[in-house]
Amino acid sequence: AQTVTQSQPEMSVQEAETVTLSCTYDTSESDYYLFWYKQPPSRQMILVIRQEAYKQQNATENRFSVNFQKAAKSFSLKISDSQLGDAAMYFCAYRSTRTSGTYKYIFGTGTRLKVLA
Amino acid sequence: EAGVTQSPTHLIKTRGQQATLRCSPISGHTSVYWYQQALGLGLQFLLWYDEGEERNRGNFPPRFSGRQFPNYSSELNVNALELEDSALYLCASSWVGWSNQPQHFGDGTRLSIL
């Protein structure tokens with residue numbers, strides 16, 4: 001069964017600095033999707049960035065980028081120029097592809113990011 | 001475009017009672033997912049409905065059940081409530097046609113069991 005592990009329950013970063021949140025996963029599937037979601041204190045979860053496993057190029061979205069290492073089953077999120085609004089709970093998620101037929105969507109336990117002014 | 005809406009925002013029940021939580025997906029989304037978010041446990045997958053049918057189920061007892069209506073809205077029912085059912089219940093919707101589509105989440109229902 002697939003698992004997603006976020007080993008850092010809490011991280012802190014100084015405003016304007018860079019922080020990396022780690023995520024590892026375990027799967028026997030060759031094709032899948034990975035996501036990072038952000039849950040601010042207001043509770044609504046929103047998508048930060050996504051990565052297709054078949055793509056070697058790391059996804060980027062403005063200040064957010066990932067370091068996807070398929071062989072190591074690692075999917076870390078890098079936040080550059082951290083802002084106070086980045087403070088939130090960050091969840092890493094794994095999704096099986098349609099071809100696998102299972103449509104599993106598995107979340108990690110989350111990393112709480114604090115941004116220090 | 002209206003997002004995923006959940007009701008009620010808060011729900012207080014006592015042990016043994018039954019709770020019903022509701023979710024309306026984003027227009028055009030056919031899939032609805034339910035998650036339980038208890039303190040320190042991240043998101044635990046509960047149920048997935050698509051096109052009116054239950055497609056997948058997490059490791060929860062049968063007293064957690066639900067359904068999806070023809071308009072794709074969904075209900076989560078929890079019977080014989082226990083103290084450990086206290087949690088934030090999140091609903092998400094997506095279009096299942098493409099697996100890289102993210103889930104869009106509602107604000108959740110905070111269920112408190114006294």
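Points to keep in mind about this one:
- Projected-area mean, the range B:1-43, by convex hull of Cα positions, square nanometres: 4.3 nm²
- When you filter the chymotrypsin sites (Phe, Trp or Tyr not before Pro) in the range B:58-114 for DSSP loop state and at most 10 other Cβ atoms inside 10 Å of their Cβ, you are left with B:98.
- Remark on the range A:43-66: accessible area falls by at least 50 square angstrom from chain-alone to full-complex state for A:43, A:44, A:45, A:50, probe 1.4 angstrom.
- Only lysine pairs 8 or more places apart or on separate chains count here, and in the protein assembly as shown those with Cα atoms under 24 Å apart total 14.
- When exposed loop sites are taken as GluC sites (Glu not before Pro) in a DSSP loop with at most 15 other Cβ atoms within 10 Å, the longest stretch of chain A clear of them is A:30-117.
- Of the GluC sites (Glu not before Pro) found in the range B:10-114, those in coil by DSSP whose Cβ has at most 16 other Cβ atoms within 10 Å are B:51, B:82.
- Cα centre as origin, Lys/Arg/Asp/Glu Cβ charges: the protein assembly as shown dipole, Debye: 200 debye
- Solvent-free Debye scattering, log10 I(q)/I(0), computed from the Cα coordinates of the range A:1-41 at q = 0.14, 0.28, 0.34 Å⁻¹: -0.47, -1.18, -1.32
- Leaving ligands and nucleic acids aside, the B/A contact buries around 2000 square angstrom of accessible area in total at a 1.4 Å probe radius.
- Span per principal axis, largest first, for the Cα atoms of the range A:19-117 (Å): 44, 26, 19
- 1.4 Å probe, heavy atoms, protein only - residues of the range A:22-42 losing at least 20 Å² accessible area vs chain alone: A:33, A:35, A:37, A:39
- Neighbourhood net charge (10 Å Cβ-Cβ; Lys/Arg +1, Asp/Glu -1) for residue A:11: +1
- Apportionment of accessible area to carbon and sulfur, the protein assembly as shown, percent (1.4 Å): 48 percent
- What the protein assembly as shown shows is 48 Å² of accessible area per residue, with the surface traced by a 1.4 Å probe over protein heavy atoms.
- Threshold 40 Å², the range B:31-49 residues less accessible with all protein chains present than alone (1.4 Å probe): B:43, B:48
- Note on the protein assembly as shown: the alpha carbon radius of gyration divided by the globular reference 2.2 N^0.38 Å gives 1.01.
- Cubic angstrom per residue, convex hull over Cα atoms of chain B: 98 Å³
- Listed residues A:28, A:82, A:12, most fluctuating in chain A (Gaussian network, C-alpha, under 10 Å): A:28
The values are calculated or read from the model by the stated rules, or taken from the named source; none is laboratory data. Remember, predicted model here, so these are calculated numbers, not experimental data. Note that each Cβ is placed from the backbone with ideal geometry, even for glycine, and that neighbours are counted across all protein chains shown. Note: areas computed on protein heavy atoms with side chains; ligands, DNA, RNA excluded. Shrake-Rupley method; radii C 1.70, N 1.55, O 1.52, S 1.80 Å.
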